[in-house]
Structure formats: C-alpha cells, structure tokens
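Written out below as structure tokens is the structure these notes cover.
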C-alpha cells in the first residue's frame, strides 16, 4: 500500500473503533479482510470486524478511475456524496416495508471508499432463470414481487430526495452521457453501426433537447445506475446499493433505465418476452402514478438508455461466445429502434397503458 492507503487504513480502524463503541457499546479487537472483488469500475472488499461480543460483516466499496465514469462524477469527492445520500436513505427506508438502503459506517475520501454494513441476499440480476420459457411459475411470481418492490423503492427514493424545477444542467447531462456512449460504440467498430446512424442519433437527441427548451421540467434524486445488478433481494425484500453516480436528474431517467434493460432481457433467446413484460408491469405498479412527461423528454431518455445498452454490449472486451450469441438480437433490436423510431417513446407509454 502507498502512504495514502496506509493513512486511510489507519483512519478506517479509528472510525470503526468509534462506531462500534458508540452504536453497539463494543470494543473493536481487529478487522480482517475476507475477500476482494475487483471489477473495471470498482473494488469491493468484504471485511469482518471482530469485537469482544461477536463478529460484524462489513463491505468497503472503492470506486476506481475509469473513462466511462467521467460523466457520472460531478463532485471531486464523490465518495462523500454517496455516504451522505446513504445516511439519508437508510433512516428513511426503515419505515418502508420490503425496501431498504445499506447502513453507511465510514467514508474515506482520500481513497474514494465508502464502508457500510453487509447486506445478505442475492443480486436480482442473477434470478432471470424465472423468465426462461420453462421457468417455474412460483419463481416467476417471486420475481414479480421483487420488481414490484423495486418500483416501490424508486417511488420512495424520489419522494425522500424531493423534486424541484430542473436546471439547465439536466438536459446537458443527458446529452453528454449520450455522446460519450456514441463514441464508445463508434470506436468498437461494430458491423451493425454506421456513421450515418451515429449522425442521425445525435441529431435526434439535439432535436429533442431543443424542443424541451422552455418546458417546465422536474428533476429528482437519480441513482445513477439503477438496475437489477445493483439490487440485492432476500425473500422479496430489496436493498438498492451503489450510489456512486448519485445526483439530481430528470424524473423518468431511473424508471426508463429499468424498463429498457428488461426489454433487452426479453430479447435473449432463452427468455420469454411475455414473462419479462410481466416484470415490467410489476415494476410500474410498484412505482405508481407518474406525472405526464413531454414526449420529447421520454424520447430523449429512452434514446440515452438504448445507446447505453448497445455500448455495453459492443464495447465489452472478450465476451464469451455464448454471451455474444445472446446479445446479438439485443443489439439488432436497439439499432432497429434508433433507425426507425416509428413509435417515438413507445416503451413508456405502452408499458404505462398495460401496467396492472
């Protein structure tokens, strides 16, 4: 470890001693590293804190510098932003059945790390076996319950963070995010993509933004990467994690991210589109009534998420051959949507109309 990491480790030790003495009346004896999970964007360390009364499981999440994260980070000390929103949400969600946010314990800005209590359960993204054509009905019903609770969680999250008139940065953030993902797609050189489609898509986004000038848009707390990969589920109860990209943003962004992703899941060969649509409807039922959004806003947000889906597939290095086979119809369908746009923003309207 370098000097900064050593200092951070010493700071964590002192912070945990204070935390366990104050919150639990326990003396910290030692902290042990159980395992480290490294990904391109983050490093997650699973810890055990040993006191004279027992063992407490903790998680330290360190965000790593990555070019794809540049549009997520607005503050130079984003770890403190994540820690602050967790402090708000953990207390607020204690009164909401089946929904939670992790309990934050410590923030180490020098190494971009937040420490929180461990959450038992399984990532929601790992439960898609239930949408296979031969998946069991009981598993599907349990999955629908989990997605209903995801919608409820998002509804409460937006209530807790509040809504306010959107500033000029709201649309700019979306456009920057779109252009960065378009650049990733172009650099990947995928055969389904072309310069003409690149220019058409960029023109569509700018036209939407121009049409929204003068509109009274609202913004609210935005998770930043809301999807089943950041939801831990345990017996239907959902805990949303990873608020590194938290900021205020346009209201429909988080909900449409979930809907667009689920639609892509329904395009994969083993999965039943009808079953995935049942998850979308359950999510929207949990989300509840929504304000009437301008068509240009829905189109812009949906375009951003579809571009992100394509970029996530074509820019991923060294994908296994089976993953490439499963992803092929996903890329084709989203490219087809960008080319045709016959039913602009149809996903939100169609799912809202069919939500039960």
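Just so it is clear, none of the values below were taken in a lab; they were calculated from the coordinates. In this text, all values refer to a predicted model and were calculated from it rather than measured experimentally. Using ideal geometry, Cβ is built from the backbone for each residue, glycine included, and neighbour counts are taken over all protein chains shown.
Normalised by residue count, segment 141-212 yields a Cα convex hull volume of 151 Å³ per residue.
Suppose the chain between residue 197 and residue 35 were pulled fully straight at 0.36 nm per residue; how much longer would it get relative to their current alpha carbon spacing? Don't skip to the end; give the middle numbers.
Details: separation 162, 0.36 × 162 = 58.32 nm, distance 4.43 nm.
Between residue 197 and residue 35, full extension yields 53.9 nm more.
Across 41, 283, 128, mean-square fluctuation computed from a Gaussian network of the chain (C-alpha pairs under 10 Å connected) peaks at 41.
For the pair residue 43 and residue 188 in one chain, pulling the backbone fully straight at 0.36 nm per residue adds 49.7 nm over the alpha carbon distance. Simple spin-label estimate for residue 290 and residue 10 gives 5.0 nm between the two label positions (7 Å along the Cα-to-Cβ direction from each Cα).
In percent, rounded to a whole number, the relative contact order of segment 34-117 is 26, using alpha-carbon pairs under 8 Å and six or more apart.
In this simple spin-label approximation, residue 64 and residue 134 carry label points 7 Å from Cα along the Cα→Cβ vector, and these lie 3.8 nm apart.
Taking label points 7 Å from Cα along the Cα-to-Cβ direction, residue 57 and residue 215 give a separation of 4.4 nm.
Pairs of Cα atoms nearer than 8 Å and 6+ residues apart set the relative contact order; for the chain it is 17 percent.
The distance separating the Cα centre of segment 204-242 from that of segment 28-60 comes to 30 Å.
Taking the chain as the reference, fit the longest principal axis to its C-alpha atoms, fit the long axis of helix 321-340 to the helix C-alpha atoms, and give the angle between the two in degrees, 0 to 90, nearest 10. It is inclined by approximately 50 degrees. Recomputing mean projected area of the Cα convex hull in nm² from the coordinates shown identifies the correct label among [x] 23.6; [y] 18.9; [z] 21.5 as [y].
Using the Cβ-Cβ distance between residue 23 and residue 169 with R0 set to 35 Å, the FRET efficiency from 1/(1 + (r/R0)^6) comes to roughly 0.40.
Using the Kirkwood radius over Cα pairs, work out the Stokes-Einstein diffusion coefficient for segment 179-321 at 37 °C and 0.692 mPa s, in µm²/s as a whole number.
It diffuses with D of about 193 µm²/s by this estimate.
If you average the sequence gap of Cα pairs under 8 Å that are 6 or more apart and divide by the length of segment 217-356, what percent do you get for the contact order? Relative contact order for segment 217-356 comes out at 25 percent.
Considering helices alone, the calculated mean residue ellipticity of the chain at 222 nm is -17000 deg cm²/dmol, with DSSP H runs of length four and up weighted by -39500 (n - 2.57) and normalised per residue.
Using R₀ = 25 Å, calculate the FRET efficiency as 1/(1 + (r/R₀)^6) where r is the Cβ-Cβ separation of residue 315 and residue 269; round to 0.05. With a Förster radius of 25 Å, E is 0.70. Starting from the coordinates of the alpha-carbon atoms of segment 129-258, obtain the Kirkwood hydrodynamic radius over all distinct pairs and give the value in Å to one decimal. Here the Kirkwood hydrodynamic radius works out to 17.2 Å.
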